[in-house]
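Reading through the structure tokens given below for one structure.
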Amino acid sequence: MTTDLLAAERIASVLTEALPYIKRFRKKTIVVKYGGNAMTDEKLKQSFARDIVLMKLVGFNPVVVHGGGPQIGNLLDKIGKESKFVEGMRVTDSETMDVVEMVLGGLVNKEIVALVNHAGGRAVGLTGKDGGLIKAKKLTIADGMNQLDKSEVIDIGHVGEVAGIDVSVVDMLDKSNFIPVIAPIGVGEDGASYNINADIVAGRLAEALNAEKLILLTNTQGLLNKEGELLTGLDSDDVKRLIDDGTIYGGMLPKIQCALEAVNNGVETAHIIDGRVEHAVLLELFTDKGVGTLLRG
């Protein structure tokens, strides 16, 4: 058998494996949180854009939510503004918030839109401020206990949490065959802008859209056990056990909690996948094995 024929057979096998997934998820909404290496490596950026366009072409409704922490940090460094963090969250004063809006709502968002459009899609960039998409409230955190045996509340500025989601603008774009690309900036009742964790925005948006899937791209294979082996097909009880025994900790903990909250509030499945793998989104959606950790409610 010739090399060309073998290659053709492999392609046919891949398409055959993908067919039932294409049929199953047609007209379903899939929210993808885009971040990590997939946002900084040129080859991965191109493959991600093609994945999103292909999803739309086969009848899915992809919605992209993106982060941009490193890009924000780089611009702050260039203008001589020191980045400060409290419990992993960037302290965001008014000047820093201006930079956040410039980077997330401008530079990063428009680059993703351009990549998707160049790959043959019809992307539209939004922030949570557009159409009242993301209603925010100020996030405050407590710093342990002081001498009066009371928690000290720390003000970290324009950092917010989701107070509500109005999906009408996203629904309109989906029905018009556009691909929404959303920066995680919300607006408070006072009209102030708030920077919100992109994982949390993606999860809450997936819930509000009654999405079939929530996909979180990371810089790891997914959730690993203590032997370094990939875990998948987990439910709420499995996750609780893994948290209790210390398998889930550190930076993975909030991602797992975000994914678990989504599947417990109507999203069919959540996936934590390796954004360092080319076409990771397609591999997770269209193949039997997948490339990450799948969670169910």
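The values are calculated or read from the model by the stated rules, or taken from the named source; none is laboratory data. This is a predicted model, so every value here is computed, not measured. Cβ: placed from backbone, ideal geometry, glycine included. Neighbour counts: every protein chain shown. Ligands, DNA and RNA are excluded from the accessible area calculation, which covers all protein heavy atoms including side chains. Shrake-Rupley method; radii C 1.70, N 1.55, O 1.52, S 1.80 Å.
A few points about this structure:
- Consider the stretch 181-207 and keep the residues that are touching a strand residue (DSSP E or B) at 6+ places or on another chain (Cβ under 6 Å) and polar (S, T, N, Q). The one that is surrounded by the most Cβ atoms within 10 Å (Cβ to Cβ) is Asn195.
- When we screen Lys45, Lys27 for residues that are out of contact with any Leu (no Cβ under 8 Å at 6 or more places or on another chain) and surrounded by fewer than 21 Cβ atoms within 10 Å (Cβ to Cβ), the only hit is Lys27.
- When Met97 is tested against (1) assigned to a helix (DSSP H, G or I); (2) in contact with a strand residue (DSSP E or B) (Cβ under 7 Å, 6 or more places away or on another chain); (3) closer than 16 Å to Ile182 by Cα; (4) not acidic (Asp, Glu), only condition (3) is not met.
This table checks each residue for (1) of a type in the set (Phe, Trp, Tyr); (2) free of Cβ contacts under 8 Å to residues at least 60 places away in the same chain; (3) within 24 Å of Thr140 (Cα to Cα); (4) in contact with a helix residue (DSSP H, G or I) (Cβ under 8 Å, 6 or more places away or on another chain).
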{"site": "Asp190", "(1), (2), (3), (4)": "no, yes, yes, no"}
{"site": "Gln221", "(1), (2), (3), (4)": "no, no, no, no"}
{"site": "Asn264", "(1), (2), (3), (4)": "no, yes, no, yes"}
{"site": "Gly275", "(1), (2), (3), (4)": "no, no, no, yes"}
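- Residue in the stretch 257-273 that is among the polar types (S, T, N, Q) and buried (at least 21 other Cβ atoms within 10 Å of the Cβ) present: no
- Under the condition of being open to solvent by 60 Å² or more (accessible area, probe 1.4 Å) and either modelled with pLDDT of 95 or more or under 30 Å from Ser168 (Cβ atoms) (or both), the residues counted in the stretch 75-113 number 6.
- Pick from the stretch 53-67, criterion within 13 Å of the chain's Cα centre (by Cα) and of a type in the set (A, V, I, L, M, F, W, C), ranking: nearest to Asn210 (Cα to Cα): Val63
- Screening Gly35 on (1) open to solvent by 20 Å² or more (accessible area, probe 1.4 Å); (2) touching a residue at least 60 places away in the same chain (Cβ under 8 Å); (3) under 19 Å from the mean Cα position of the chain (by Cα) shows it passes everything except condition (1).
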